[in-house]
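Here is the structure we will look at, set down as structure tokens.
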Amino acid sequence: MNDNNTPAFSHYSVLLNETIDLLSIKPDGVYVDCTLGGGGHSLEILKRLVTGRLYAIDQDADAIAASRVRLSEYSERVTFIHDNFKNVAPALEGLGVNQIDGALIDLGVSSYQLDTPERGFSYMHDAPLDMRMNPESRLTARDIVNGYSRDALKRIITDYGEERFAGRVADRICEAREFKPIETTGELSELIKSAIPAKAREDGPHPAKRTFQAIRIEVNSELSVIEPTLDSLVGLMRPGGRLAVITFHSLEDRIVKQTFARWVKGCTCPPEFPVCVCGKKPSLRLICHKPILPSEHELDENPRSRSAKLRVAEKL
């Protein structure tokens, strides 16, 4: 907390310049930052607006509180929405907004959330198992670790963490919780480490990284909301409006890539049909056919950005 009791919500805005440049901000446009976080992207959007407006969404009340302070100079042009971005369409409709000129989604976990031990996101700190992006949500990492069956744990660790030793990790968790509940990130991290063969721990990321990612995704239903949210934003977008999405792992990026491809193609007829009979036309065009990656300079400044990818599409 700082002196006025506002959370010190810090977050390095990944691919900041590239994202803002490719959004091609109109001074009188209507924009949506679906993941406000530390407010870095929002600040740069607001600097470019004259009569336009920004709607800034975050499910974390700490992010909203901190950004109200950081963006106070532009308070007359920004509206804060405390909600999950999956609700972007009804939230905007409730404010009388039916069309937008651009939107941004940064799917990364904020530095504040990672570096605040009591939020329970990081295997680098010993803290209560939590991992909720919205602290008001009911499901926590503790619930999953202690309540999910062995098969359910293996499934999410395999599917969301892409961990090849998912079965061993699930077995170790289930063995440990027979004696007492697993309460902290430190306990869980050590259990995961003990489940992964020593040779496999010699290279690569921290042995708990993939499992922690998987549990975090499950806690926050992160993957299931991406496609419907993108569909909502495309539906709201005016022709010429742009949608920018920053992802941090292959599961997210695959969903974004496939969703963009569906809108770019338009036609839903089976490949064997000689001519289109569905009549659906393309709704998007890709601004860049390959994802944009962080520069060497950005990687030096913020190693956490190394897995980031930016994809941008424009409404036709």
Can you give the FRET efficiency for residue 275 and residue 93, using 1/(1 + (r/R0)^6), R0 = 35 Å, r = Cβ-Cβ distance, to the nearest 0.05?
0.40
At 1.567 mPa s and 4 °C, plugging the Kirkwood radius over alpha-carbon pairs of segment 176-224 into Stokes-Einstein gives what diffusion coefficient in µm²/s?
107
Between residue 285 and residue 238, the two model label points (7 Å from Cα along the beta-carbon direction) sit apart by a distance in nm of 1.9
Provide the per-residue ³J(HN,Hα) series for segment 257-262, in order, calculated from phi with Karplus coefficients 6.51, -1.76, 1.60 and θ = phi - 60°, each as a whole number of Hz, with x at glycine and proline positions.
4, 5, 5, 4, 4, 4
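Residue separation times 0.36 nm, minus the C-alpha to C-alpha distance between residue 261 and residue 115: what's the value? Could the numbers behind the result be given before it?
Details: separation 146, 0.36 × 146 = 52.56 nm, distance 3.55 nm.
Taking 0.36 nm per residue and subtracting the Cα distance, the gain is 49.0 nm.
Going by the alpha-carbon gyration tensor, a ≥ b ≥ c the square roots of its eigenvalues, is segment 61-161 rounded (a/c under 1.5) or, if a/c is not under 1.5, prolate (a/b greater than b/c) versus oblate? Let's see the in-between values first.
Working: a/c = 2.69, a/b = 1.71, b/c = 1.57.
Since a/c reaches 1.5 and a/b is larger than b/c, the shape of segment 61-161 is classed as prolate.
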List, in the order given, every pair from 47/209; 86/257; 257/315; 280/315 whose Cα-Cα distance in the structure shown is over 25 Å.
47/209
So, with a 1.4 angstrom probe, what is the percent of accessible area on the chain that is carbon and sulfur?
50
Within the chain, longest stretch clear of exposed GluC sites (Glu not before Pro) (DSSP loop, no more than 11 other Cβ within 10 Å)
1-135
Which labelled figure in (i) 1.24; (ii) 1.19; (iii) 1.06 is Cα Rg over 2.2 N^0.38 Å, once derived from the coordinates:
(iii)
Using a 1.4 Å probe and ignoring any ligands, DNA or RNA, find the accessible area of residue 151 and quote it in Å² to the nearest 10.
110
Listed by chain and number, the residues whose amide H is under 5 Å from that of residue 184, excluding neighbours fewer than 5 places away on the same chain and using placed H, are 129
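Dividing the alpha-carbon radius of gyration of segment 106-221 by 2.2 N^0.38 Å (N being the number of residues), what value is obtained?
Values: Rg = 13.0 Å, N = 116, 2.2 N^0.38 = 13.4 Å.
Relative to the 2.2 N^0.38 Å estimate, segment 106-221 comes out at 0.97.
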So what does log10 I(q)/I(0) come out to for segment 208-286 at q = 0.15, 0.16, 0.22, 0.23 Å⁻¹, using the Debye formula with one equal point on every Cα and no solvent?
-0.66, -0.72, -1.05, -1.10
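Taking the Cα centre of the chain as origin and charging only Cβ (+1 Lys, Arg; -1 Asp, Glu), how large is the dipole, in debye to the nearest 20? Please report the intermediate quantities before stating the final value.
Values: 41 positive and 45 negative charges, 219 e Å.
My answer is approximately 1060 debye.
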HN-Hα J couplings of segment 296-303 from phi, Karplus 6.51/-1.76/1.60, θ = phi - 60°, integer Hz, Gly and Pro as x?
4, 4, 5, 5, 5, 6, 9, x
Once you put a point 7 Å from the Cα of residue 254 and another 7 Å from the Cα of residue 134, both along the Cβ direction, what distance in nm separates them?
2.7
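The values are calculated or read from the model by the stated rules, or taken from the named source; none is laboratory data. What you see is a predicted model, and the numbers here were worked out from it, not measured in a lab. Glycine gets a Cβ as well: all are built from the backbone with ideal geometry, and neighbour counts include every protein chain shown. Note: areas computed on protein heavy atoms with side chains; ligands, DNA, RNA excluded. Shrake-Rupley method; radii C 1.70, N 1.55, O 1.52, S 1.80 Å.
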